[in-house]
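The values are calculated or read from the model by the stated rules, or taken from the named source; none is laboratory data. Here the structure is a predicted model, which is why all the values come from computation and not from measurement. As a convention, Cβ positions derive from the backbone with ideal geometry for all residues, glycine included, and neighbour counts pool all protein chains shown. To get the accessible areas, we keep the full protein, side chains included, count just its heavy atoms, and leave off ligands, DNA and RNA. Shrake-Rupley method; radii C 1.70, N 1.55, O 1.52, S 1.80 Å.
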Amino acid sequence: LRETLNDVFAAPFAFLDIACGDASMMKAALRGTKVRHYHGIDLSQAALELAAANLADLPFAVDLDHRDFVEAMMRRPEHADAAWCSLSIHHLSTDDKLRLMKAIRGATGARGIFLRYEPTRRAGEDRSAFLDRFKRTNESLWTVLTSAEWDQIWHHVATCDFPETAAVWCELGREAGFGEARQVFVDPTDFFRLF
């Protein structure tokens, strides 16, 4: 993320963090960039309180919004040069993903960028096969979790995750109006990708 932001923005820029959580990763990712304004949106007040503490010592303005990110984006009048969303859009239906990305495109304007990090199905893989692969691969890898914690995560993934293939993620970006849509990174387990 930092590398992309530094490649794209030589001048100060406004950064929108959609479903920002506690912003702990942003503290590291935005350090060394030319960000001038950070706007984080999240439904969890507790997460936003942690985000305020995590971003308190950084040299840019910070606004934190306690709202549902979809609702916030559908009613957003403010411009952002760069928008970021991680591990959240895959909870929406395909049509709702497109509507949200169109709203993000409206917020970033013609020269803005949108980066998203999401679980992604392999080409030709349906949701059921993705879920089988997710459980088979990750249950043994995520060793820091107790069995109760894994069960909670698995319940969430099995009931709330609706990932797209890389081709569909890119097509949704183009349909939303972004001039370029491409995959930038694949994690070593081939579950999560940056677009």
What angle do you read, to the nearest 10 degrees and between 0 and 90, between the alpha-carbon axis of helix 45-55 and the longest principal axis of the chain? 60
Given backbone amide H placed at 1.01 Å from N, residues whose amide H is under 5 Å from that of Val35, ignoring those fewer than 5 places away on the same chain, are Phe13
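Can you check what the Kirkwood hydrodynamic radius comes to for the chain, Cα pairs only, in Å to one decimal?
When all Cα pairs of the chain are included, the Kirkwood radius is 17.5 Å.
Output the relative contact order of the chain, whole-number percent, from Cα pairs under 8 angstrom with separation of 6+ residues.
Details: 307 pairs, mean separation 36.6, N = 195.
Relative CO of the chain lands at 19 percent.
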Mean-position separation - Cα centroids, the stretch 78-144 and the stretch 14-52, in angstrom: 18
Enumerate the lysines that Lys97 could reach by cross-link, defined here as Cα to Cα under 16 Å, with residues fewer than 8 away along the same chain left out. none
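In square angstrom, what is the accessible area per residue of the chain with a 1.4 angstrom probe?
On the way: 9960 Å² over 195 residues.
Averaged over the residues of the chain, the accessible area is 51 Å².
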Karplus-derived 3J(HN,Hα), 6.51/-1.76/1.60, for each residue of the stretch 144-161, Hz, glycine and proline x: 6, 8, 6, 5, 5, 5, 4, 4, 5, 5, 4, 4, 4, 4, 5, 9, 10, 8
Straight-line reach check, Lys34, cutoff 17 Å on alpha carbons, 8 or more apart in-chain or any other chain, hits among aspartates and glutamates -> Glu3, Asp7, Asp17, Asp57, Asp63, Asp81
If unit charges are put on Cβ atoms (+1 for Lys and Arg, -1 for Asp and Glu) and the dipole of the stretch 16-174 is taken about its Cα centre, the option from Val35, Ala56, Met25 lying farthest towards the positive end turns out to be Val35
Kirkwood-based Rg over Rh for the stretch 144-193 (C-alpha set), two decimals? 1.13
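Taking the Cα centre of the chain as the origin, how large is its charge dipole in debye, to the nearest 20, when only Lys and Arg (+1) and Asp and Glu (-1) carry charge on their Cβ atoms?
On the way: 23 positive and 29 negative charges, 116 e Å.
The calculated dipole for the chain is roughly 560 debye.
Percent antiparallel among DSSP beta bridges with both residues in the chain, to the nearest 5? Provide the component values of the computation, followed by the final result.
On the way: 5 of 28 bridges.
So the antiparallel bridges in the chain amount to around 20 percent.
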Long-range amide H contacts for Leu43: which residues qualify at under 5 Å (H placed 1.01 Å from N, peptide plane, sequence gap of 5 or more or a different chain)? Arg67, Phe69
Pull up all non-local amide H partners of Glu125: gap of 5 or more, or a different chain, and H-to-H distance under 5 Å with H placed in the peptide plane. none
Test of understanding: in a Gaussian network model of the chain with alpha carbons linked when under 10 Å, which of Lys34, Lys135, Lys97 would top the mean-square fluctuation ranking? Lys135
Please find, in a Gaussian network model of the chain (springs between Cα atoms separated by less than 10 Å), the residue of Trp154, Trp84, Trp142 whose mean-square fluctuation is greatest. Trp142
Folded to 0 to 90 degrees: helix 94-108 orientation relative to the chain principal axis, Cα: 20
Where the accessible area of the chain is counted over protein heavy atoms with a 1.4 Å probe, how much of it, in %, is carbon and sulfur? 53
